[in-house]
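Following: one structure in structure tokens, then a few remarks.
The values are calculated or read from the model by the stated rules, or taken from the named source; none is laboratory data. Quantities reported herein were computed from a predicted structural model and do not represent experimental measurements. In this analysis, Cβ positions are derived from the backbone assuming ideal geometry, glycine residues included, and neighbour counts consider all displayed protein chains. Keep in mind that these areas ignore ligands, DNA and RNA; they rest on the heavy atoms of the full protein, side chains included. Shrake-Rupley method; radii C 1.70, N 1.55, O 1.52, S 1.80 Å.
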Amino acid sequence: MDVKANAGAVLSEAEVAERVEALISQMSLEEKVGQLTQVGGVAFVPGPKPEEVIRKGGAGSVLWLNDTKQFNALQKIAVEESPCKIPLLFALDVIHGYRTIFPVPLAMASSWDPSVAERAQTVAAKEARAAGLHWTFGPMLDIARDARWGRIVEGAGEDPFLGAAMATAQVRGFQGPTLGAPDRVVACAKHFAGYGAADGGRDYDPVYLPEGQLRNVYFPPFEAAVRAGVGTFMSAYMDLNDVPASGNRFLLRDVLRGEWGFGGFVVSDAFAVASLVTQGFARDGRDAAFRALRAGLDMDMASNTYAENLAGLVEDGTLKPDDVDAAVRLILAIKVRMGLFEQPYVDESKLAQIVALPEHRKEARLAAQRSMVLLRNEGHLLPLPRTLENVAVIGPLADSKEATEGSWMVFGHTPAAVTVLEGIRAKLPGARVEYAPGPEIRRDIASWMDFLDSEARKAPQTPEEAQAAFQAALATARSADVVVMALGEAADMAGEAASRASLDLPGRQEELLKAVVALGKPVVLVLLNGRPLSIGWAAENVPAILEAWEPGSEGGHAVADILFGDINPGGKLPITFPRKGSHAPLYYARNLTHSPEGSPMYNPRYWDGLPTALFPFGFGLSYTTFSITNLKVAAPQVKVGNSVTVTADVTNTGSVVGDEVVQLYIHQKAGSDSRPMRELKGFERVTLRPGEKKTVSFLLEPAELGYWSTGAGKWVQEAEAFDVWVGADSTATLHADLVVVR
Ligand code: BGC
């Protein structure tokens with residue numbers, strides 16, 4: 001098989017196609033089906049051993065393996081012993097870092113700085129590729145408006161505009177400028193589509209979303225990923241409007257390829273082709289394979305349903321040979337572009353050099369600093385003075401490497417993050433920094449993924465041990481001048497199969513927080529969590545609250561940098577914080593109603609507690625203050641099809657350098673559909689010295705002024721009046737009018 005070229009060379013479409021055809025012409029049907037089959041590289045996946053499958057040409061890709069030597073060993077079998085010698089694609093979930101762990105994606109979105117996400121995923125890609133991986137199952141682009149849904153931690157939050165910006169940045173970071181860059185990986189936009197809207201926030205449950213919601217809210221990050229050149233897509237598990245996403249022709253063919261022109265390949269979520277039967281959609285494996293392939297699903301992740309059924313379906317004429325060939329072509333094209341035929345192996349000495357690069361840790365610290373959100377700072381308790389001599393660090397997460405790295409640890413990775421305790425100790429080398437974890441926290445119902453989490457596997461505390469830990473924590477707090485409490489969620493409390501009905505601090509954390517606050521000491525609450533939490537009591541009674549999320553390898557240092565004022569926090573919430581779990585889904589871009597808030601006709605939505613945001617979307621404080629003034633819409637009227645510039649001035653009115661995220665929101669006042677009362681349409685994070693002023697400029701383009709209309713059944717841009725706001729969060733009051741005319 002002669003497919004030599006310079007590794008890393010950018011090939012034209014025609015060159016790629018020529019090579020793919022040369023390969024296809026030599027392949028048997030079985031080998032073609034093999035290319036459409038992704039096999040698990042670990043013991044928990046049933047079926048024959050990967051070596052045997054690969055030797056016969058029965059696999060195009062391997063996942064759930066994270067072993068450089070083993071990659072080379074399997075690759076050798078593929079390129080030397082399999083019939084057509086086609087190299088394998090090695091894939092793994094590298095979601096927020098490979099060895100250097102970055103803040104979880106929800107945190108990175110809190111930076112409101114897409115370059116943070118791009119640089120993070122560049123580092124992740126370099127490390128993963130050095131380990132021998134070619135393909136990551138990220139970015140996760142599911143818009144999520146229900147904080148109960150565990151996988152909210154993996155995405156960019158509730159907003160399509162912010163989500164699309166983060167999608168583009170992550171694809172660029174993972175893949176580099178062109179697919180096939182030697183030190184990058186192929187990205188995978190997942191989970192297409194609607195997964196974040198699972199009924200009740202319950203993972204895997206069905207999703208019902210009208211087309212307008214899909215197109216206006218859930219699709220934009222995916223479309224942005226296609227525009228950024230993403231190589232692959234992953235179909236979601238759940239039923240979307242009663243059709244499983246993995247057998248959904250509307251999603252995988254009509255929209256993804258037909259409308260957006262996606263030219264890469266689609267992989268199912270794990271075992272999702274077989275699940276078409278479990279979900280009561282396909283009759284049996286044969287039916288599942290037929291319907292998934294016809295719907296546009298190219299590669300079967302781990303379920304073996306394609307391997308078992310596709311050849312038979314072609315042989316008896318149910319499928320045409322070209323149905324299979326079309327999918328094979330897409331997969332081979334990625335392999336050709338990735339330079340795998342020229343360079344199938346990985347240099348086994350490379351990983352150690354790459355992961356040791358100091359700039360990777362530097363980037364992780366910067367990302368964590370920029371991701372954190374200051375939620376409260378009464379009486380300017382923060383920043384704390386460096387002269388503190390006696391600090392207590394309390395809480396079950398204060399010294400937890402697992403919780404600091406958070407959800408989606410890379411398979412086989414040992415958490416090694418700097419914890420909050422370690423970060424504070426490093427910042428205050430001369431001080432007495434005492435630590436007490438308090439009672440442990442754990443899920444009421446264990447996760448099937450806990451086999452990956454050593455903390456979750458520990459024997460549970462007895463009630464007596466928990467009580468002793470509670471008292472010990474109080475005693476430690478009592479003897480300190482300042483108490484830092486690190487509370488939130490353990491690593492297995494957010495992520496896949498980690499939805500919850502309540503958003504309260506799990507376990508006895510709030511009880512401990514109340515007891516510590518009652519001591520009358522200054523208390524700083526540092527939250528480590530993968531979703532919004534309903535911390536209503538803390539929001540009124542704890543003077544300083546820093547949302548640190550799950551901040552990654554350098555998380556503890558970044559927390560200390562902020563607590564002691566080396567860094568001024570500038571992150572903003574990418575998601576609304578509800579007051580209670582039962583208020584979810586709660587998001588800012590709701591429609592107005594017959595009884596709008598603030599009107600004389602207003603009826604409380606619930607009589608047992610108003611479902612208003614505890615902290616609104618876009619919110620975050622700073623150690624300085626800003627004013628945003630002088631909002632100007634370049635022309636009061638703009639013609640349909642034209643763009644208009646919106647500007648505003650932002651000034652640092654405080655006494656330290658700081659960052660503000662200036663946000664632009666619009667509202668279309670009437671039209672063929674009711675439109676959300678506010679929608680984010682622009683943002684920019686700026687750094688200003690005290691007294692410094694900057695004019696921020698946003699271009700409102702026709703696409704931003706249009707929408708997919710349910711009433712009209714198509715994309716529209718309407719000649720209507722708009723409200724425009726610019727400000728520091730989604731409650732901005734600085735207002736201007738804009739009229740779109742024909
Ligand atoms: C998850 C995906 C993931 C896949 C492979 C599934 O359970 O839903 O997000 O990429 O496993 O690990």
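Applying the condition of being farther than 13 Å from Asp142 by Cα and touching a Leu at 6+ places or on another chain (Cβ under 7 Å) to the stretch 220-239 and asking which residue is farthest from the ligand (Cβ to nearest atom) yields Gly229. Thr414 meets each of the listed conditions (1) in contact (Cβ under 8 Å) with a residue 24 or more places away in the chain; (2) more than 16 Å from the ligand (Cβ to nearest atom); (3) closer than 23 Å to Arg361 by Cα apart from (1).
Among the residues of the stretch 633-665 satisfying the criterion of being assigned to a loop (DSSP other than H, G, I, E, B) and small (Gly, Ala, Ser), which is farthest from Gly682 (Cα to Cα)?
Filtering the stretch 633-665 down to residues assigned to a loop (DSSP other than H, G, I, E, B) leaves 634-636, 640-643, 653-657.
Within this subset, residues satisfying the condition of being small (Gly, Ala, Ser) are 634-635, 641, 643, 654-655.
On the way: Ala634: 15, Ala635: 18, Gly641: 18, Ser643: 13, Gly654: 25, Ser655: 27 Å.
Among those residues, the one meeting the criterion is Ser655.
Sub-8 Å Cβ pairs linking a first residue in the stretch 307-328 that is under 22 Å from Ala272 (Cα atoms) to a second residue that is in a helix (DSSP H, G or I) and of a type in the set (Gly, Ala, Ser), at least 6 apart or interchain, are Ala307/Gly34; Glu308/Gly285; Glu308/Ala289; Asn309/Gly285; Asn309/Ala288; Asn309/Ala289; Leu310/Ala289; Leu313/Ala289, ordered by first then second residue.
Whenever a residue of the stretch 246-260 is in a helix (DSSP H, G or I), its partners that are of a type in the set (Val, Ile, Thr), lying with C-beta atoms within less than 6 angstrom and at least six residues away or across chains, give the pairs Leu252/Val266. Cβ-Cβ distances below 6 Å connect the following pairs, each with a first residue in the stretch 144-155 that is open to solvent by 10 Å² or more (accessible area, probe 1.4 Å), a second residue that is within 16 Å of the ligand (Cβ to nearest atom) and part of a loop (DSSP other than H, G, I, E, B), and a separation of six or more residues or different chains: Arg148/Ser499.
Pairing each residue of the stretch 129-140 that is within 17 Å of Thr100 (Cβ to Cβ) with any residue that is within 9 Å of the ligand (Cβ to nearest atom), provided the two are 6+ apart or on different chains, yields C-beta distances under 6 Å for Leu133/Leu92; Gly138/Ile95. Taking the criterion of being more than 11 Å from the ligand (Cβ to nearest atom) and either assigned to a loop (DSSP other than H, G, I, E, B) or modelled with pLDDT under 95 (or both), the residues of the stretch 142-154 that qualify are Ile143, Ala144, Arg145, Asp146, Ala147, Arg148, Trp149.
Is it the case that the stretch 41-55 has a residue that's within 15 Å of the chain's Cα centre (by Cα) and within 16 Å of the ligand (Cβ to nearest atom)?
No - not one qualifying residue is present in the stretch 41-55.
When the residues of the stretch 188-199 are filtered to those that are more than 13 Å from the chain's Cα centre (by Cα) and either touching a residue at least 40 places away in the same chain (Cβ under 8 Å) or within 14 Å of the ligand (Cβ to nearest atom) (or both), the one that is nearest to Leu11 (Cα to Cα) is Phe192.
Residues in the stretch 238-263 that are aromatic (Phe, Trp, Tyr) and either farther than 20 Å from Ala288 by Cα or buried (at least 23 other Cβ atoms within 10 Å of the Cβ) (or both): Trp260, Phe262. Scanning the stretch 590-632 for residues that are surrounded by 13 or more Cβ atoms within 10 Å (Cβ to Cβ) and not in a loop (DSSP other than H, G, I, E, B) gives Phe615, Leu621, Phe626, Ser627, Ile628, Asn630, Leu631, Lys632. Please determine whether any residue of the stretch 517-531 is open to solvent by 10 Å² or more (accessible area, probe 1.4 Å) and assigned to a helix (DSSP H, G or I). Looking through the stretch 517-531, at least one residue is open to solvent by 10 Å² or more (accessible area, probe 1.4 Å) and assigned to a helix (DSSP H, G or I).
Taking residues in the stretch 77-93 that are farther than 21 Å from Trp408 by Cα and modelled with pLDDT under 95, and partners anywhere that are away from the ligand (no atom under 16 Å from the Cβ) and open to solvent by 10 Å² or more (accessible area, probe 1.4 Å), the pairs with Cβ atoms closer than 6 Å and at least 6 places apart or on different chains are Cys84/Gln26; Cys84/Met27.
Of His735, His667, which residue is open to solvent by 30 Å² or more (accessible area, probe 1.4 Å) and touching a Phe, Trp or Tyr at 6+ places or on another chain (Cβ under 7 Å)? None of the others qualify; the one that does is His735.
Only a single criterion out of (1) surrounded by 23 or more Cβ atoms within 10 Å (Cβ to Cβ); (2) within 15 Å of the ligand (Cβ to nearest atom) is not satisfied by Ala270, namely (1). Taking the stated definitions as given, is Phe281 away from the ligand (no atom under 16 Å from the Cβ) and either in contact with a Leu (Cβ under 8 Å, 6 or more places away or on another chain) or part of a helix (DSSP H, G or I) (or both)? Judged against the criteria, Phe281 is not a match. Reported count of residues in the stretch 89-120, each being more than 16 Å from the ligand (Cβ to nearest atom) and either in a helix (DSSP H, G or I) or open to solvent by less than 10 Å² (accessible area, probe 1.4 Å) (or both), is 17.
Put simply, of Ser407, Ser454 the only residue that is within 16 Å of the ligand (Cβ to nearest atom) and either closer than 24 Å to Asp203 by Cβ or more than 28 Å from the chain's Cα centre (by Cα) (or both) is Ser407.
Yes or no, residue by residue, for (1) crowded, with 19+ Cβ neighbours inside 10 Å; (2) among the hydrophobic types (A, V, I, L, M, F, W, C); (3) out of contact with any Pro (no Cβ under 8 Å at 6 or more places or on another chain); (4) at positive phi:
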{"residue": "Gly317", "(1), (2), (3), (4)": "no, no, yes, yes"}
{"residue": "Asp322", "(1), (2), (3), (4)": "no, no, yes, no"}
{"residue": "Tyr345", "(1), (2), (3), (4)": "no, no, yes, no"}
{"residue": "Ala356", "(1), (2), (3), (4)": "no, yes, yes, no"}
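All told, Glu223 meets the bar of being more than 23 Å from Gly60 (Cβ to Cβ), modelled with pLDDT of 95 or more and not in a loop (DSSP other than H, G, I, E, B). Take Val217 and decide whether it is modelled with pLDDT of 95 or more, crowded, with 21+ Cβ neighbours inside 10 Å and either within 16 Å of the ligand (Cβ to nearest atom) or within 20 Å of Val185 (Cβ to Cβ) (or both). Taking the combined requirement at face value, the residue does not satisfy it. Scanning the stretch 127-141 for residues that are touching a Phe, Trp or Tyr at 6+ places or on another chain (Cβ under 8 Å), within 13 Å of the ligand (Cβ to nearest atom), hydrophobic (A, V, I, L, M, F, W, C) and not in a loop (DSSP other than H, G, I, E, B) turns up just one, Trp135. Looking only at the stretch 292-311, which residues are of a type in the set (A, V, I, L, M, F, W, C) and either within 14 Å of the ligand (Cβ to nearest atom) or not in a loop (DSSP other than H, G, I, E, B) (or both)? Within the stretch 292-311, Ala292, Leu293, Ala295, Met299, Met301, Ala302, Ala307, Leu310, Ala311 meet the criteria.
Once the stretch 324-343 is narrowed to residues that are open to solvent by 10 Å² or more (accessible area, probe 1.4 Å), touching a Lys or Arg at 6+ places or on another chain (Cβ under 9 Å) and in a helix (DSSP H, G or I), the residue that is farthest from the ligand (Cβ to nearest atom) is Asp325. Please work out if Ala181 is more than 16 Å from the ligand (Cβ to nearest atom) and either part of a loop (DSSP other than H, G, I, E, B) or buried (at least 24 other Cβ atoms within 10 Å of the Cβ) (or both). Yes, satisfied.
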